[in-house]
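To start, the structure under review is shown below, and the notes come after it.
Readers should treat all values here as calculations from the given coordinates under stated rules, not as data from a laboratory. As the structure is a prediction and not an experimental result, all values here were calculated from the model. Cβ placement follows ideal geometry from the backbone for every residue including glycine, while neighbour counts extend to all protein chains displayed.
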Amino acid sequence: MGCVEEMDYEILLKNTSFKECREFVTSNFKEVYKVKPGYRMFEVYLIGVPPVMIGVDGDHVIFPYTKPCYGTFLLRIRGEEAIAALREGGGV
Amino acid sequence: MNRLNNTLLLLGCPELPAQTGIALYLANKLARKNVDVTIAGTRSAINLIKVSDPERNYAKKLIDLDRCIENIAEKRTDFDSCFVFIHNDAGIAYLATIHSISKADLSAIIFGSNAETLASTIEFECRKIVAKTAHNPIPLKKKIDEVI
């Protein structure tokens, strides 16, 4: 999963839970997509409890990123291709 | 429990000492039933297994956690059953992910100080092996012996 960590990301929430990430995304962004755990984005497979919520804010995507020892982070990363995939039905 | 063919032990963060011992115990127990066991974990979790079992008597197949998730998500591999080690919120997220991407018969091994609370957050059907222990593996071993 090195790809995300090598990208220019902003951490919106850290050491949080998937539930808090879901609530933050649905409360703070108008354009939101539901995906299943295992959804591939930025060459990573999203870990989480369904539905995994992904927000879109301009040309950035907001999504949960889980590491076993550090919990879940909510990241904001520029990703036009990821947004296009979500809009084309990549979400559930 | 039904006869198993191949099983995945999916380890969580190795900060709780009970995990490595229980993983090796369970791997041995399943291997003695002719089950093909694969252990997935972070680099630290895998290294703990390697150091604890240098002759690889119990941990015969090891795989990086991210690579394992990728292989299952891409349908390159799957398992008849899977035991997910859980002692934090991230562990619940991994359990739900395996539930979503795999057809494996799922068991949650839940331990640590918040074991019962964590167990109550699981929103789907799976076998729950729960013991409120972090250091001492015996309570968890007893629970495993009850179901396998």
Taking Cα pairs closer than 8 Å and at least 6 residues apart, the relative contact order of chain A in percent is 34 percent
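Under a Cβ-only charge scheme (Lys and Arg +1, Asp and Glu -1), can you give me the dipole magnitude of the protein assembly as shown about the Cα centre, in debye to the nearest 20? Write out the running numbers ahead of the final one.
Working: 30 positive and 30 negative charges, 211 e Å.
With only Lys, Arg, Asp and Glu charged at Cβ, the dipole is about 1020 debye.
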For the protein assembly as shown, percent of DSSP beta bridges that are antiparallel (nearest 5) comes out at 50 percent
Across all Cα atoms of segment A:2-90, Rg and the largest Cα-Cα distance (Dmax), in Å, are 11.6, 34
Exposed GluC sites (Glu not before Pro) being those in a DSSP loop with at most 13 other Cβ atoms within 10 Å, the longest stretch of chain B free of them is B:1-54
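Explain nothing, just the number: dipole magnitude of chain A about its Cα centre with +1 on each Lys and Arg Cβ and -1 on each Asp and Glu Cβ, in debye rounded to the nearest 20.
Values: 11 positive and 13 negative charges, 93 e Å.
With Lys and Arg at +1 and Asp and Glu at -1, about 440 debye.
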Once the in-chain neighbours fewer than 8 apart are removed, the lysines whose Cα is under 29 Å from A:Lys14 read A:Lys30, A:Lys34, A:Lys36, A:Lys67, B:Lys128, B:Lys132
Of the residues A:Val44, A:Cys21, A:Ile77, the Cα lying farthest along the dipole of segment A:2-90 towards its positive end, which is defined by charges on the beta carbon of Lys, Arg, Asp and Glu, belongs to A:Cys21
Site B:Lys61, offset 7 angstrom along Cα→Cβ, radius 11 Å on amide nitrogen, limited to segment B:4-22, gives B:5-9
Over chain A, cysteine residues that find no other Cys C-beta under 4.7 Å are A:Cys3, A:Cys21
Projecting the Cα atoms of B:Phe83, B:Pro14, B:Tyr25 onto the charge dipole of chain B, where Lys and Arg contribute +1 and Asp and Glu -1 at Cβ, the residue farthest towards the positive end is B:Tyr25
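If we count every other residue with Cβ under 13 angstrom of A:Glu81's Cβ, Lys/Arg +1 and Asp/Glu -1, where does the sum land?
On the way: positive: A:Arg40, A:Arg78, A:Arg87; negative: A:Glu43, A:Asp59, A:Glu80, A:Glu88.
Residues near A:Glu81 contribute -1 overall.
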One can check that the equivalent ellipsoid of segment B:29-148, built from the alpha-carbon gyration tensor with semi-axes equal to the square roots of five times its eigenvalues, has lengths in Å, largest first, of 21, 19, 15
Here the whole-number average of other chain Cβ atoms within 10 Å per Cβ of B:7-14 is 1
In Å, the C-alpha Rg and Dmax of the protein assembly as shown are 18.0, 56
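What is the calculated FRET efficiency for B:Lys29 to A:Thr26, with r their C-beta to C-beta distance and R₀ = 45 Å, to the nearest 0.05? Kindly include the intermediate steps, with their values, before the conclusion.
On the way: r = 43 Å, r/R0 = 0.96.
It comes to 0.55.
Could you calculate the FRET efficiency of B:Lys142 with B:Glu74 from 1/(1 + (r/R0)^6), where r is the beta carbon distance between them and R0 is 45 Å, rounded to 0.05?
Numbers: r = 38 Å, r/R0 = 0.83.
Computed FRET efficiency for B:Lys142 and B:Glu74: 0.75.
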According to the Cβ-distance criterion of 4.7 Å, cysteines of chain B with no possible disulfide partner are B:Cys68, B:Cys82, B:Cys126
